[in-house]
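To keep things clear, I will list the structure first and then write my remarks on it.
Each reported figure results from applying straightforward, stated rules to the coordinates on display, with no laboratory input. None of these values were measured; they are calculated from a predicted model. We place every Cβ from the backbone using ideal geometry, glycine too, and count neighbours over all the protein chains shown.
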Amino acid sequence: MPDAVNLFVSTAIKFFFLLTPFFGLTMFLAMTEHMDRKQQRKIAVRCIVSVVIISMVLFHFGDIIFSLFGITLDAFRIGAGALLFLSAVNLIRGPSGTVGASAEGDISVVPLAMPIVVGPATIGTLLVMGATMHGTTTRLIGSFALVTAILALGILFFMAPALERILGRTGLSIMTKITGLILSALSAQIIFTGVRNFLM
């Protein structure tokens, strides 16, 4: 039981930072600042539901995708790790462009759920992490951890105006950069694992 709890907690934390929560929160605030609270919450719910569906599909069907394209897990580890590292660098440096607050239409799925929350680096890492979890119990723990991380992101979206008042845009920017540093370490670990397995 302690091992299962440790796996759940560590995996949920990894997934939470993988979703770049504070960058997503910043984009959510920028794209919904012209909306009232009811509209913001509706967008948040649709976004989180979309992220759950997209992430669970990627997490559970990584093996099939690798087999379909003839890609080895370690090769994908290196590619996904490199992409995640570039994403981490972008978070640390800050986005080169901003999403205007005048965005119109239903933004909950595109671009909010994908590619802002579930971007290319997140997709690759979810595929790798899902493919490395073997056994029904481990998969269930991973699935619950993923859903928990996404729900935590949903709570941030629901509390977005209050968090903006407490942290300010500068505080959110600092948290985003810290997330980037954590992701850079995670990407290095993924790449090193892939290279080590290639050389063995």
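Would you mind ranking Ile71, Ile123 by Cβ crowding within 10 Å, fewest neighbours first?
Taking fewest neighbouring Cβ atoms as first place, the list is Ile71, Ile123.
Determine one quarter of the surface area of the Cα convex hull of the range 101-200, which equals its mean projected area, and express it in nm² to one decimal. Walk me through the numbers before you get to the answer.
Details: hull surface 34.0 nm².
Mean projected area for the range 101-200: 8.5 nm², to one decimal.
Using the Kyte-Doolittle scale, find the helices of the chain whose mean hydropathy is at least 0.5 and whose Cα atoms extend 18 Å or more along the helix's long axis, counting only whole DSSP H runs.
Both cut-offs are met by 2-18, 37-60, 73-93, 120-132, 136-158, 160-199.
Please report how far the C-alpha centroid of the range 59-83 lies from that of the range 105-174, rounded to the nearest whole angstrom.
Spelled out, the Cα-based centre of one part sits 20 Å from the other.
For the range 2-199, count the residues as N, evaluate 2.2 N^0.38 Å, and divide the Cα radius of gyration by that value, please.
So the range 2-199 has a normalised radius of gyration of 1.03.
Cut-off is 10 Å between beta-carbons; in what order do Leu146, Leu25 appear when sorted fewest neighbours first? Don't skip to the end; give the middle numbers.
Details: Leu146 27, Leu25 22.
Fewest to most other Cβ atoms nearby, the residues stand as Leu25, Leu146.
Ignoring everything except DSSP H segments at least 4 long, calculate the 222 nm mean residue ellipticity for the chain; use -39,500 (n - 2.57) per segment, divide by total residues, nearest 500. Mind showing how you got there, number by number?
Details: 8 runs with 158 residues, N = 200.
After summing the helix terms and dividing by the residues of the chain, the value is -27000 deg cm²/dmol.
What ranking do 108-117, 161-170 get when scored by the average of other Cβ atoms within 10 Å per residue, highest first?
Values: 108-117: 19.4, 161-170: 12.1.
Final packing ranking: 108-117, 161-170.
Quickly rank 129-141, 176-188 as a protection proxy: mean count of other C-beta atoms within 10 Å, highest first.
Those peptides, ordered most packed to least, come out 176-188, 129-141.
Could you put Asp106, Asp74, Asp3 in order, starting from the residue whose Cβ has the fewest other Cβ atoms within 10 Å?
Asp3, Asp106, Asp74
What net charge do the residues around Gln189 carry, taking every other residue with its C-beta under 13 Å from that of Gln189, with Lys and Arg at +1 and Asp and Glu at -1? Don't skip to the end; give the middle numbers.
Numbers: positive: Lys14, Arg77, Arg196; negative: none.
Local charge sum for Gln189: +3.
I need to check one value: relative contact order of the chain, counting alpha carbon pairs closer than 8 Å and at least 6 residues apart, in percent.
46
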